[in-house]
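A.B. asks: Sharing a structure here in structure tokens format.
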Amino acid sequence: MTTQGCHTGTNFPRRLLIGLLAGAALLVAPLQVWAEPLLAAIVTADLPRYKEAHKALAQILEAGGFGAGKLKIMVQAPNADKMSIANSARRADSAGAVVIVVYGSRAAQALASEQLNASLLFADVYDPVALGVVKSLTTTGAEVTGASNKTDLGSLVGHLLKVTGAKTIGVLYTKDEGAGDQQLAEIKASTGVTVKAESVRNAGEAVAAAEKLAGQCDALFLAESIAVMQQGPAIVKAALAQKRPVFSQIPDLVRAGALLGLEADPDEQGKLVGVHALQILQGQKAHSLPVRTAKKVTLMINQGTAAQLGLTIPPEVMSAGQAVK
């Protein structure tokens, strides 16, 4: 009876074995696909300052043991509108990203209310508390943290007034885009300065708006709005054609001809957030990591532009900054 029972059921063990092997394959396959953790980066509008920060982040990760073969990095460069940024984050989250890194105030602001499984890190963000991205710099309140590029705009305005004696400052920005709104408010708070503002919706409007604004003011401030940053050098050229100095906190704009700039280093921003990324990949939680602030901040002074405009840089301003020609 035992032999007969085995004979009549000889196909059953074979089918069972095939089923078990198929099930095992399904279980093993995801482990092979996700053997390396995934970090996703959102480089909004593909701006050079964000690419520089991302390069520095990648260097920190490699130095910390998460180079090629140990970590997958997914890079997306969406347009600056909220929907494009949110869709990039959702795509990364669905792909199983452990960490999503965003660069710039616009991207951080766009994702402030997104429900993500991944930890959210940000770099090169002007004021993450005012943007509503974190509750405070020390206690973020969620699985989000990063690095802020905020510099002392009041001191930059003070240096400008010493150099130019400007009575009216024009601010070129994009309304409802966090960093620009914040910087406009700070300049308006500067004592004794009349402020005129012009909002641009896209890069195509920026140069013409700057030319219009330059005719109404003594100096022009370029805010950290995407559309303004995309046309930074062209705006500086247009302003100088009207003998109007430009000042800003946008990195490298002084080298493009702006008179003054108080710049946080994008490379440092990438390194600061890279350390956070390492900590999270090693098991720490984003909410336990305070927001890091810019330490490498430089007052940049373009002596060539000053000479072109017939301006003299006072010794106290020159001693506080770094000159370029």
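A.B. asks: Any residue in the range 80-104 that's in a strand (DSSP E or B): show its pairings with residues that are polar (S, T, N, Q) at Cβ separation under 7 Å, as long as the two are six or more apart or on different chains.
C.D. replies: The qualifying pairs are Val99/Ser119; Tyr103/Thr44.
A.B. asks: Since Gly65 meets every condition but one in (1) part of a helix (DSSP H, G or I); (2) exposed (fewer than 14 other Cβ atoms within 10 Å of the Cβ); (3) at pLDDT 95 or above, which condition does it not meet?
C.D. replies: Unmet for Gly65, out of (1) part of a helix (DSSP H, G or I); (2) exposed (fewer than 14 other Cβ atoms within 10 Å of the Cβ); (3) at pLDDT 95 or above: (1).
A.B. asks: Continuing with this model, one more query. If I go through the range 165-193 residue by residue, how many of them are more than 12 Å from Leu222 (Cα to Cα) and either touching a Gly at 6+ places or on another chain (Cβ under 8 Å) or not hydroxyl-bearing (Ser, Thr, Tyr) (or both)?
C.D. replies: Total satisfying the criteria: 15.
A.B. asks: Could you list, ordered by first residue, the pairs with Cβ atoms under 7 Å in which the first is in the range 229-245 and touching a residue at least 12 places away in the same chain (Cβ under 8 Å) and the second is part of a helix (DSSP H, G or I) and loosely packed, with under 15 Cβ neighbours inside 10 Å, at least 6 apart or interchain?
C.D. replies: Hits for this filter: Leu240/Gln308.
A.B. asks: Tally up the residues in the range 87-100 that are crowded, with 17+ Cβ neighbours inside 10 Å and either touching a Lys or Arg at 6+ places or on another chain (Cβ under 8 Å) or more than 19 Å from Ile280 (Cα to Cα) (or both), please.
C.D. replies: From the range 87-100, those crowded, with 17+ Cβ neighbours inside 10 Å are 88-89, 92-93, 97-100; that's our starting set.
Those left that are additionally either touching a Lys or Arg at 6+ places or on another chain (Cβ under 8 Å) or more than 19 Å from Ile280 (Cα to Cα) (or both): 88.
Within the range 87-100, residues that are crowded, with 17+ Cβ neighbours inside 10 Å and either touching a Lys or Arg at 6+ places or on another chain (Cβ under 8 Å) or more than 19 Å from Ile280 (Cα to Cα) (or both) number 1.
A.B. asks: When you scan the range 184-193, do you find a residue that is under 24 Å from the mean Cα position of the chain (by Cα) and open to solvent by less than 50 Å² (accessible area, probe 1.4 Å), even just one? Don't jump to the end; show me each part of the working.
C.D. replies: Taking the range 184-193 as the starting set, the residues that turn out to be under 24 Å from the mean Cα position of the chain (by Cα) are 184-187.
Narrowing further to those that are open to solvent by less than 50 Å² (accessible area, probe 1.4 Å): 184, 187.
Checking the range 184-193: at least one residue is under 24 Å from the mean Cα position of the chain (by Cα) and open to solvent by less than 50 Å² (accessible area, probe 1.4 Å).
A.B. asks: May I ask you to say which residue of Glu316, Glu268, Glu263, Glu224 is touching a residue at least 40 places away in the same chain (Cβ under 8 Å), part of a strand (DSSP E or B) and open to solvent by 10 Å² or more (accessible area, probe 1.4 Å)?
C.D. replies: Sole residue among the options that is touching a residue at least 40 places away in the same chain (Cβ under 8 Å), part of a strand (DSSP E or B) and open to solvent by 10 Å² or more (accessible area, probe 1.4 Å): Glu263.
The values are calculated or read from the model by the stated rules, or taken from the named source; none is laboratory data. What you are looking at is a predicted structure, and each value in this text was computed from that prediction instead of being measured. Using ideal geometry, Cβ is built from the backbone for each residue, glycine included, and neighbour counts are taken over all protein chains shown. Note: areas computed on protein heavy atoms with side chains; ligands, DNA, RNA excluded. Shrake-Rupley method; radii C 1.70, N 1.55, O 1.52, S 1.80 Å.
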